[in-house]
1. Could you give every pair whose Cβ atoms fall below 6 Å, whose first residue belongs to segment 232-251 and is outside the structural domain of residue 218 (by TED's automatic domain parsing) and modelled with pLDDT under 85, and whose second residue is buried (at least 17 other Cβ atoms within 10 Å of the Cβ) and outside any loop (DSSP other than H, G, I, E, B), counting only separations of at least 6 or pairs across chains?
2. Tally up the residues in segment 91-124 that are closer than 24 Å to residue 42 by Cβ, out of contact with any strand residue (DSSP E or B) (no Cβ under 6 Å at 6 or more places or on another chain) and in contact (Cβ under 8 Å) with a residue 40 or more places away in the chain, please.
3. Just one of (1) surrounded by fewer than 17 Cβ atoms within 10 Å (Cβ to Cβ); (2) farther than 15 Å from residue 311 by Cα; (3) touching a residue at least 12 places away in the same chain (Cβ under 8 Å) trips up residue 221, so point out which.
4. Given the conditions (1) in contact with a helix residue (DSSP H, G or I) (Cβ under 8 Å, 6 or more places away or on another chain); (2) part of a helix (DSSP H, G or I), which single one is not true for residue 95?
5. Mind listing whichever residues of segment 15-29 are loosely packed, with under 14 Cβ neighbours inside 10 Å and out of contact with any helix residue (DSSP H, G or I) (no Cβ under 9 Å at 6 or more places or on another chain)?
6. Give just the number: which of (1) farther than 16 Å from residue 307 by Cβ; (2) in contact (Cβ under 8 Å) with a residue 24 or more places away in the chain; (3) over 18 Å from the mean Cα position of the chain (by Cα) does residue 227 not satisfy?
7. Can you give me the ranges of the strands (runs of 3 or more DSSP E) entirely in segment 20-89 with at least 3 residues that are under 21 Å from the mean Cα position of the chain (by Cα) and under 26 Å from residue 212 (Cβ atoms)?
């Protein structure tokens, strides 16, 4: 079935266009309304097409700020080729500042390839995979830790990527210039944009830029400069206005899910390990306190593997199954 999304953007037209993807959405307050997914297309002659995404999770802000600035700053004369930019890819979630859509409660980065007859999150996933990815040569999917996590500034990829693309992605990650790169284990986040990119033979990776539901100057600078270096490296940006990164990118991965540290009790989490620190298997990660039971001893949480603390949980209140930390080890 044809995707129901319409747009006032002509992807083949030269110049700079801004507008919306329009997904029909009939509700009580608006019988013939549509959901507005912001989009920009900047085109100048022949060259590669790059797809830039942020707002897949609505509570992750560094990418949304970076791409909003890019749409404002980049003119057709600055590029050769085409940029397609969606700064609030899951608009209902991004507008609400939520990880998942308030309309259908779905996580966009778990539902690819989507469904053109499904709910809004499924429809946008289908549009990205079947319309935007096939016309693109390269992609960036900008994320951060959102409201529940905080990451050390990293570029991220998936271990499922084929060997040739993996080599190219690693090279582009080094150009991007984040202090860390991280590859998730096989089987992580099924239905993600990375899985869609693999099916569409698109060279794409993402970022995890901080989090905590905030925007920090440090992460924003790394993200902004990294995107511009990436665009220059793949040949769409004629001239980068940022210097090559002097940061040594440390490449990490999680071979399996034992590198993820989870809660087995409900209560308040007291973290011990800090972001960027090196820990050993069996080291103390923190304590779970249960103030509902006066006098109860706290439960200690330990790391199941050795590695670098890449990510930590932010809210203190936890439930069984919440991710508290995850680690990476050198590739």
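The values are calculated or read from the model by the stated rules, or taken from the named source; none is laboratory data. Predicted, not measured: the structure shown is a model, and the values here were computed from it. Neighbour counts run over all protein chains shown; Cβ positions are idealised from the backbone, glycine included.
1. Sorted first by the residue in segment 232-251, then by its partner, the list stays empty.
2. Taking segment 91-124 as the starting set, the residues that turn out to be closer than 24 Å to residue 42 by Cβ are 91, 94-95, 108, 124.
When the remaining residues are screened for being out of contact with any strand residue (DSSP E or B) (no Cβ under 6 Å at 6 or more places or on another chain), the result is 94-95, 108, 124.
Checking which are in contact (Cβ under 8 Å) with a residue 40 or more places away in the chain leaves us with 108, 124.
Number satisfying all stated conditions: 2.
3. Of everything listed in (1) surrounded by fewer than 17 Cβ atoms within 10 Å (Cβ to Cβ); (2) farther than 15 Å from residue 311 by Cα; (3) touching a residue at least 12 places away in the same chain (Cβ under 8 Å), residue 221 misses just condition (3).
4. Every listed condition holds for residue 95 apart from (1).
5. As a first pass, look at segment 15-29 and keep what is loosely packed, with under 14 Cβ neighbours inside 10 Å: 15, 24, 26-29.
Those that are loosely packed, with under 14 Cβ neighbours inside 10 Å and out of contact with any helix residue (DSSP H, G or I) (no Cβ under 9 Å at 6 or more places or on another chain): 24, 26, 27, 28, 29.
6. Here residue 227 meets the rest and fails (3).
7. Numbers: elements: 34-44, 49-54, 81-86.
In segment 20-89, the matching strands (runs of 3 or more DSSP E) lie at 49-54.
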